[in-house]
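Visitor: Please find one structure pasted underneath; my questions will follow.
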Amino acid sequence: VFKQFQQLTSTSIHTVQTDNGSEFLKSFHMYLEEQGIKHQFIYPRMPKINAFIERFNRTIQEEFILRNDEIYYDHKAFAKELTKYLYWYNYQRPHASLKYMSPMNFIQSKSPKSA
């Protein structure tokens, strides 16, 4: 999704902010370095700094994890269904904050490349 976002936007991404979680950190950090993008971390135990991400995590918890508890311990099935959910979330799910567009449709509508 990050690579697709880069292709859709006409502005260059110079900084990415993440929390201090370690999941996929090495690969992601290496990718950012290759692209010349600064990787900035929030202060530990300060979730309000990353409010949008914390809201996204809550949405995943409410819309996906709590509704798929039967596959929670089947890692392959969970990963497969989570991938489907994230695709739907980013490409099809309407978001009130984005004028009821999906995130990718919203980005495309703002990009000169889509005109």
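Each reported figure results from applying straightforward, stated rules to the coordinates on display, with no laboratory input. This structure is a prediction, so every number in the text was calculated from the model and none was measured. With ideal geometry, Cβ positions are generated from the backbone for all residues, glycine too; neighbour counts draw on all protein chains shown.
Visitor: Given H placed on each backbone N at 1.01 Å, which residues far from HIS95 in sequence or on other chains put an amide H within less than 5 Å of it?
Guide: TYR100, MET101, SER102
Visitor: With only Lys, Arg, Asp and Glu charged, each at its Cβ (+1 for the first two, -1 for the last two), find how big the charge dipole of the chain is about the Cα centre; round to the nearest 20 debye.
Guide: Values: 15 positive and 11 negative charges, 89 e Å.
Dipole magnitude for the chain comes out near 420 debye.
Visitor: Of the listed values (i) -0.66, -0.89, -1.14, -1.44; (ii) -0.45, -0.60, -0.78, -1.39; (iii) -0.67, -0.79, -0.91, -1.24, identify the label whose number matches log10 I(q)/I(0) by the Debye sum over Cα atoms at q = 0.13, 0.15, 0.17, 0.23 Å⁻¹ calculated from this model.
Guide: (i)
Visitor: Now a separate question. Charges at C-beta only: +1 for Lys and Arg, -1 for Asp and Glu. How large is the resulting dipole of the range 62-113 about its Cα centre, in Debye rounded to 20?
Guide: 460 debye
Visitor: Just to check I understand the Karplus step: with θ = phi - 60° and J = 6.51 cos²θ - 1.76 cosθ + 1.60, what whole-Hz values come out for the range 40-54, glycine and proline as x?
Guide: Coupling constants for the range 40-54: 10, 10, 6, 5, x, 6, 10, x, 5, 5, 10, 4, 5, 5, 4 Hz.
Visitor: In percent, what relative contact order does the chain have, based on Cα pairs under 8 Å that are 6 or more apart in sequence?
Guide: About 26 percent, as a whole number.
Visitor: Something else about it: Among TYR87, MET46, GLN7, which residue has its Cα furthest toward the positive end of the charge dipole of the chain, with +1 on Lys/Arg Cβ and -1 on Asp/Glu Cβ?
Guide: Going by the Cα projections, it comes out as GLN7.
Visitor: Further question on the same structure: Using a Förster radius of 22 Å, what is the FRET efficiency between ARG45 and THR15 based on their Cβ-Cβ separation? Nearest 0.05, please.
Guide: On the way: r = 22 Å, r/R0 = 0.98.
The pair ARG45/THR15 has a calculated efficiency of 0.55.
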